[in-house]
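Each remark here refers to the structure printed beneath this line.
The values are calculated or read from the model by the stated rules, or taken from the named source; none is laboratory data. Just so it is clear, the structure is predicted and the values come from calculations on it, not from any experiment. Here Cβ is always computed from backbone atoms with ideal geometry, including for glycine, and neighbour counts include all displayed protein chains. Surface areas here come from the heavy atoms of the whole protein model, side chains and all, with no ligands, DNA or RNA. Shrake-Rupley method; radii C 1.70, N 1.55, O 1.52, S 1.80 Å.
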Protein chains: 2
Amino acid sequence: MSGAPVLEKLSSNRVFEGELTKYKFKSAALGGLDAQFNLFMPLNPGGAKVPVLVYLAGLTCTEDNGAQKGGFFGVAASQNIAILFPDTSPRGAGVPGEDDDWDFGTGAGFYINATKPEYAKNYNMATHITVELPKVIEAAGIAIDWKRQSIFGHSMGGHGALTLYLSSTTKQYRSASAFAPISNPTKCPWGEKAFKGYLEGGLPEGAKYDATELISKATEPLHILVDYGTGDNFYKQGQILPENFLKSARDAGYDEFQVRVRSQEGYDHSYYFISTFASDHVHFHANFLKARKQPGI
Amino acid sequence: MSGAPVLEKLSSNRVFEGELTKYKFKSAALGGLDAQFNLFMPLNPGGAKVPVLVYLAGLTCTEDNGAQKGGFFGVAASQNIAILFPDTSPRGAGVPGEDDDWDFGTGAGFYINATKPEYAKNYNMATHITVELPKVIEAAGIAIDWKRQSIFGHSMGGHGALTLYLSSTTKQYRSASAFAPISNPTKCPWGEKAFKGYLEGGLPEGAKYDATELISKATEPLHILVDYGTGDNFYKQGQILPENFLKSARDAGYDEFQVRVRSQEGYDHSYYFISTFASDHVHFHANFLKARKQPGI
């Protein structure tokens, strides 16, 4: 990007002791399309820069679902943490077929950078989230300390949170957590469809976007929390596969203090499940975000 | 009603330490139409009957809005209180014109019993909520103590909560609270349209459904909490009129311990506002609901 694009404010809502604002801008990472996001800022009377938690939503969602139904703001305000809610895909790319299915294309960007020619111009949600949004928001003078970032998400967004955390060579995020993440996408229908659709190299190329694969090769200290519900139909259908992720983590030598995977009896895949454990997750990240420097183990 | 209608369970979601269930039944009060509602029950390991808080939603809403976005369940579970979410109107009555406007007819039942002939068969939300739903739920053997009921709501639903509370001759509800209630409907466009549309006697008949009118004649001890936001556009447009309600309450001799009306700086009309004060409201009602007997002042 040459020069930061202008952020247009679309709406704002006071919520708890903070403000949720919806913005729009021309996204270079998404091929020049308009991109929207929500940003929750705590009132932060001291005025110092605040840490930020990035929330990635699931299939069919937008930047609104987590904001409206996640139940994150009370605890985020009390912990003086910002929350950034990106969208889940580019909108209006015009690629033939992108609107045919609910689990591929629009609303289903999978937080990767596409390599198939028809998708490569627009479907670059990985760059959008890890590089572009921090730059654009910082350029707008919003008081976020980007050296203190963590990331979490739901379902496809849980996959995004775990993989962007595990694949960062710069330790961009201090911690990652997920609600019912697609934990081993190269081994489930949703992930297979996405990787075969977006990536020239198909499933083998998808390995670098697969949390179970990534953690098997990890060596650094990790801070990961995962929750899933035993009443989750997508879990029962083998789309989530948290056991694969957990086994891979343990095989790689990570104990429950570094990688915690919790099975929650009876909860399903909905935001009712997410809101139940929202406070846990924000507090988990606060442990790391509120330290001035990256803690070791 | 002769014999209680059968409750059909449509879905259920575990949320916090409780369960949200959506039901459907043939509603006599609504002229035999199918009616839906959501019911949150705390896990309640003791098994004794629990008190219930009725939540009435606003214009265009259904039984889902408060459940999905209100942020009530964490505190309700911790206080061992059930929450009942009725719909906001009959659905599919087939009255000509009922679907023409978003602020009248479907989604806008105003929690009254209609007297105009074309609406009188179906638009009886007052009876639906105060008489029918408790009967139907009790008949299904659900462990609610209907002697311990309170009521709250948002906007049109705040109007419903205040008026059903104030007009009950049997002290059906122990307390009432409201987020941005339509407080003086005979004096605002939404209320005028509703009362002229549903009631044979128009605005004069509407006085018995007007919280500001009702409280001017009240003599019993009251437990009322109202919040509204100064950034609420409907407040600015004169649809909410909380000052009229407050003046009427004070003129009738009610002090801030019996009728508290709080102006919340910068909050708007959305569920972001509601969720911010959700915990306050549930705790307010818990004060009264958790007493075995109706407390005095």
Tell me, please, whether a residue that is without any contact (Cβ under 8 Å) to a residue 40 or more places away in the chain and within 28 Å of residue B:291 (Cα to Cα) can be found in the stretch B:128-137.
yes
Condition first: within 14 Å of chain B (Cβ to nearest Cβ) and surrounded by 20 or more Cβ atoms within 10 Å (Cβ to Cβ). Now tell me which residues in the stretch A:246-280 satisfy that.
A:267, A:268, A:269, A:270, A:271, A:272, A:273, A:274, A:275, A:276, A:277, A:278
Just one of (1) closer than 20 Å to residue B:184 by Cβ; (2) within 14 Å of chain A (Cβ to nearest Cβ) trips up residue B:243, so point out which.
(2)
Evaluate the following for residue B:241: is it under 25 Å from residue B:126 (Cα atoms), buried (at least 18 other Cβ atoms within 10 Å of the Cβ), in contact with a Cys (Cβ under 8 Å, 6 or more places away or on another chain) and not β-branched (Val, Ile, Thr)?
yes
Please determine whether any residue of the stretch B:265-272 is small (Gly, Ala, Ser), assigned to a loop (DSSP other than H, G, I, E, B) and in contact with a Gly (Cβ under 8 Å, 6 or more places away or on another chain).
yes
Go through (1) within 13 Å of the chain's Cα centre (by Cα); (2) under 22 Å from residue B:68 (Cα atoms) and name the single condition residue A:52 misses.
(2)
Considering only the stretch B:81-100, state which residues are more than 20 Å from the chain's Cα centre (by Cα) and touching a residue at least 60 places away in the same chain (Cβ under 8 Å).
B:93
Among (1) closer than 27 Å to residue B:175 by Cβ; (2) in contact (Cβ under 8 Å) with a residue 60 or more places away in the chain; (3) crowded, with 24+ Cβ neighbours inside 10 Å, where does residue B:59 come up short?
(3)
Is it the case, given these coordinates, that residue B:230 is β-branched (Val, Ile, Thr) and open to solvent by less than 20 Å² (accessible area, probe 1.4 Å)?
no
Suppose the filter is within 20 Å of the chain's Cα centre (by Cα) and either under 27 Å from residue B:90 (Cα atoms) or surrounded by fewer than 22 Cβ atoms within 10 Å (Cβ to Cβ) (or both); does residue B:291 pass it?
no
Filter the stretch A:68-102 down to the residues that are of a type in the set (S, T, N, Q) and within 13 Å of another protein chain (Cβ to nearest Cβ), then identify the one that is farthest from residue A:283 (Cα to Cα).
A:68
Please specify each residue of the stretch B:95-136 satisfying the condition of being closer than 25 Å to residue B:39 by Cα and hydroxyl-bearing (Ser, Thr, Tyr).
B:106, B:111, B:123, B:127, B:130
Options A:34, A:64: the member that is more than 12 Å from every other protein chain (Cβ to nearest Cβ) and within 29 Å of residue A:104 (Cβ to Cβ):
A:34
Any helices (runs of 4 or more DSSP H) falling wholly within the stretch B:162-222 and containing at least 2 residues that are over 22 Å from residue B:259 (Cα atoms) and open to solvent by 60 Å² or more (accessible area, probe 1.4 Å):
B:189-198
As an exercise: evaluate residue A:22 against (1) within 14 Å of another protein chain (Cβ to nearest Cβ); (2) closer than 21 Å to residue A:127 by Cβ and give the number of the one condition it does not meet.
(2)
Number of the condition not met by residue A:122 [criteria: (1) out of contact with any Pro (no Cβ under 6 Å at 6 or more places or on another chain); (2) crowded, with 23+ Cβ neighbours inside 10 Å]:
(1)
